[in-house]
Amino acid sequence: MRFIVLTLFPEFFDSPLTVGLLGKAVEKGTVEFETVQIRSFSIDRHQSVDDVPFGGGPGMVMMPGPVVDAIEHAASGRKVDRKLLLSPRGRLFNQRMASELSKLDTVMLVCGRYEGLDERIVEGGFVDDEVSIGDFVLSGGEAAALVMVEACSRYLGGVIGNEESVERDSFTDGLLDHPHYTRPRVFRGLAVPEVLVKGDHQAVREWRRRKALESTRKRRPDLFMRVALSEEDRRLLDK
């Protein structure tokens, strides 16, 4: 899978792409990552990419020319399956979207800066959609792009050592994950739940499902309301 990231700060990605599972995926070629410097498409000697907003107001706005030229240059001569603009007003990125994007060959991520980008980049259809990673504002889209790259990469074969881990990730079935424990069995007076050390796999499965349901209901009632509860789920919650 190839990611093409349009940004004013290509160096932002240097370190994250060399460490951990994502670094190994890049090294093996499972994930290909390309950055395009938007500033290279400025037409003045100062390499300007922003200007004051029409109508007044604070901050600066990224001009459409350099951004659109960068998009068209990056897409020239190859098929880009999805062109996405990182924006706080975009469609919320979630596990389902990560799974859907991971099935594509090439995804372009456009990172904004300053107060935002000229609206004509969206109005003109130069991107396919706007995407947000949450209800907060960042200084730019680079951190959001990195989040999306890592979330999508987990679905690619060979990136995660135990691919069953991806199937059991939080949000995969609409629920938060269940609690996890490892050695020692007792840490500073806190013991591992007895059900996890008795070897009863059915009891463990039910305990984990119940804890996931309870955790989601308590911490993310908005998610819990959307979960289609089975009869077994209802039974587990009534315990």
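Before moving on, here are some points about what is shown:
- Net charge dipole size for the range 90-133 [Lys, Arg +1 and Asp, Glu -1 on Cβ; Debye, nearest 20]: 220
- Legend: translational diffusion of the range 36-85 by Stokes-Einstein, Rh = Kirkwood radius over C-alpha pairs, 4 °C, 1.567 mPa s; D = 105 µm²/s.
- GNM top mover of Thr106, Thr216, Thr182 - the chain, alpha-carbon springs below 10 Å: Thr182
- The range 66-104 and the range 176-239 have their alpha-carbon centroids 36 Å apart.
- Within the range 170-237, the percentage of alpha carbon pairs spaced more than 21 angstrom apart rounds to 32%.
- Our helix-only sum for the chain, with -39,500 (n - 2.57) per DSSP H run of n ≥ 4 divided by its residues, gives a mean residue ellipticity at 222 nm of -9000 deg cm²/dmol.
- Taking Val192, Val107, Val204 as the candidate residues, the one with maximal mean-square fluctuation in a Gaussian network model of the chain, Cα springs under 10 Å, is Val192.
- Amide H within-cut-off set for Leu109, under 5 Å, with H built and near neighbours excluded: Ile4, Val5, Leu6, Leu84
- When the P(r) of the range 61-145 is calculated, the portion above 14 Å amounts to 63% of the C-alpha pairs.
- Under Stokes-Einstein, with the Kirkwood radius over Cα pairs as Rh, the value for the chain at 4 °C and 1.567 mPa s is 63 µm²/s.
- Model label sites at Thr182 and Asp128, defined 7 Å from Cα along the beta-carbon direction, differ in position by 3.8 nm.
- Counting charges near Val192 (Lys, Arg +1; Asp, Glu -1) among other residues having Cβ under 15 Å from its Cβ returns a value of +4.
- The phi torsions of the range 228-235, fed into the Karplus equation with coefficients 6.51, -1.76 and 1.60 and a -60° offset, translate into couplings of 7, 6, 7, 4, 5, 4, 5, 5 Hz, rounded to whole numbers, with Gly and Pro shown as x.
- Candidates Ala145, Ala228, Ala191: whichever shows maximal mean-square fluctuation once the chain is modelled as a Gaussian network with Cα springs under 10 Å: Ala191
No lab work stands behind these numbers, since they all come straight from the coordinates. Given the structure is predicted, the values throughout are model-derived calculations rather than measurements. Note that we place each Cβ from the backbone using ideal geometry, even for glycine, and neighbour counts take in every protein chain shown.
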